[in-house]
Amino acid sequence: MKGLIQRVRHAQVDVDGKTVGAIERGLLLLLGVEARDDRATADKLLQKVLHYRVFGDESGRMNLNVQQAGGGLLVVSQFTLVADTARGLRPSFSKGASPAQAEGLYDYFVERARAQLSPVACGIFAADMQVSLLNDGPVTFLLES
């Protein structure tokens, strides 16, 4: 499972011209699910996301996690994140989970995140989404479990 986190001042995801998820200060998480992933993998990545220290403390050093900073989380499914790009000029998605497996783990991840943090917003799995954000820093990290 891969998660690309971006520290944001605000972020939102729209589907068919309607906002389906939005947060103010916090983390935008683009979440990719691989075929080998399971709930334990999702739990491990969620703990990394929630505890990764990317927010500034009183000295401006990145010592605070999203919970300590009082931020939100916007989770967006992103199957292209698990593409194999090592060879050629066209990505391979052979490592990606099936749509049913990926949706189940995405839903599980969002449910577990909502049990530990508020607010948690999300996109719509497999929808054509438009994501807008104001990246703060910019600060972006690729996390893997």
Which angle from 0 to 90°, rounded to the nearest 10, does the C-alpha axis of helix 99-116 make with the longest principal axis of the chain?
20
Ignoring ligands, DNA and RNA, what percent of the 1.4 Å accessible area of the stretch 1-70 is carbon and sulfur?
42
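Just how large is the dipole of the chain about the Cα centre, in debye to the nearest 20, putting +1 at every Lys and Arg Cβ and -1 at every Asp and Glu Cβ? Show your work: numbers first, answer last.
On the way: 16 positive and 16 negative charges, 70 e Å.
Dipole magnitude for the chain comes out near 340 debye.
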Option label - mean projected area of the Cα convex hull in nm² computed here, alternatives (i) 22.6; (ii) 8.8; (iii) 11.0
(ii)
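Run the numbers for Asp43 and Ala115: contour at 0.36 nm per residue of separation, minus the present Cα-Cα distance, in nm.
24.7 nm
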As I understand it, the value is the acute angle between the Cα axis of helix 39-51 and the longest principal axis of the Cα atoms of the chain; what does it come to in degrees, rounded to 10?
30
Å² of accessible area per residue within the chain, as computed with a 1.4 Å probe and no ligands counted:
54
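Could you grab the relative contact order for the chain? Cα pairs under 8 Å, six or more apart, rounded to a whole percent. Provide the component values of the computation, followed by the final result.
Details: 319 pairs, mean separation 56.9, N = 145.
Dividing the mean separation by the residue count of the chain yields 39 percent.
The values are calculated or read from the model by the stated rules, or taken from the named source; none is laboratory data. Because the structure is predicted, anything quoted here is derived from the model rather than measured. Cβ sites come from the backbone with ideal geometry, for glycine too, and all protein chains shown count toward neighbours. Quick note on the areas: whole protein, heavy atoms, side chains included, nothing else; ligands and nucleic acids left out. Shrake-Rupley method; radii C 1.70, N 1.55, O 1.52, S 1.80 Å.
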